[in-house]
Amino acid sequence: MKRNVVLASVCAALLVCVLGSGSARGASCCVPSPLPICDDPNILLCVCLFDMDCCMFAWDAICVAEVTALGCGSCGGCEPNCNGKTCGDNGCGGVCGQCAFNQVCQNGWCVGSCTPNCGGKQCGDDGCGGSCGFCQNNFSCVNGVCQPNCQPNCSGKQCGADGCGGQCGTCNFGEFCTAAGVCQPECTKMCGGKQCGDDGCGGKCGSCGFGMQCDPAGQCVPECKKQCQGKDCGDDGCGALCGQCIPGWECVAGVCQEECKPSCVNKECGPNGCGGQCGSCGFGQLCTVEGFCVDEDEADGYQVLLPDGGTSGEGDAWDGDVGGNGSGSGPTSCPQGQLLRYGKCILDPTYGEDSGGDKGGGCSVRGPCGSTMSLLLLLVAAAWLVGSRWNGGRRTRRIPCQPLRRSS
């Protein structure tokens, strides 16, 4: 021990001589230095008598602290604090030590050099103990990006996430939280034999893989390919529609068309122009192309509709032409005083009106039917025929008039 004191005294004396000669001058004795000297020879000698390392290796933070602790002097009333530090600020305007060339001081310790990494970052740690920046008020640093402070959203929710990493609440025992954030009694999931679809408790029984879809039975089946090419409306082949028509239009074979309006004015049978029928005839009757019913045994000369959609022959026009061109078995000509209509001979109402003589075999007042009784019968028959022909707005077969003959 005595030897160390002597050696320290010798070293200190030599340093004092050197400093006193002005050939060397250290830093302030209150500041650590890598050199084993400081600027006050008296303080240097005092400290080195107790701590020889301060004069042989370096005037470090311990030496600075010993200036005051050993009563060797004062460092301006400030006591440097370098406990647990090898570098950095000592709290009194100095440093606790200096790091080597390839080192940096981090939190009072010399560590290997570090390259700050702030690529794509607005804030947060730079990886070297520093910062890449700071966020403004009402903003928080989230993964290196400044984002508005999150406002929890629990409106109408009893449980579940609040949108900011927290919870809106918890459910009681025997309850579960639905996806809508409402507590409900615990539900028994119904997923027996199901691969996908609703589990009956607000969740799913599973999900299907790529190219598959969940059918109504809860099974994963190959995804349906919609068949809507060239179609405006109608079934897409997958249980949905290719589109819908606007009001007043209807879908016909995948194309929107204006709705057909049936036309059945003055018709009791036959097509309505829209694929339907205006009505049907009774037993033993046929429907004419004009849309009225006639008895089968009176249909000669009429153009009637056949069950296969065709027509029987061409009937006579309803325009007063004499003679017929139908395909029925009726007469092709009538006696004098009669007209051919729809294959039948009917009374000519204009016959006998001129002042000429007897016209022969017709039904005129001057013909063979000229008696009072015959004329009366003819008028009654004509009235009945006209009434039955246009009864109810429909035309029926006209019964031909045969000349009445006197009884002998």
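Couple of notes before you dig in:
- Dipole moment magnitude, nearest 20 debye, the stretch 189-281 about Cα centre, only Lys, Arg, Asp, Glu C-beta charged: 220 debye
- Centroid-to-centroid, using Cα positions, the stretch 174-231 and the stretch 39-62 are 82 Å apart.
- Distant-in-sequence amide H partners of LYS204 (H built 1.01 Å from N, under 5 Å): ASP199
- Exceedance of the 26 Å cut-off in Cα-Cα distance is limited, within the set LYS204/LYS225; LYS157/LYS204; LYS157/LYS189; LYS157/LYS194, to LYS157/LYS194.
None of the figures in this text is laboratory data; all of them are computed from the coordinates on show. As the structure is a computational prediction, the values presented were derived from the model and not from experiment. Neighbour counts are summed over all protein chains in view; Cβ atoms, including those assigned to glycine, are modelled from backbone coordinates with ideal geometry.
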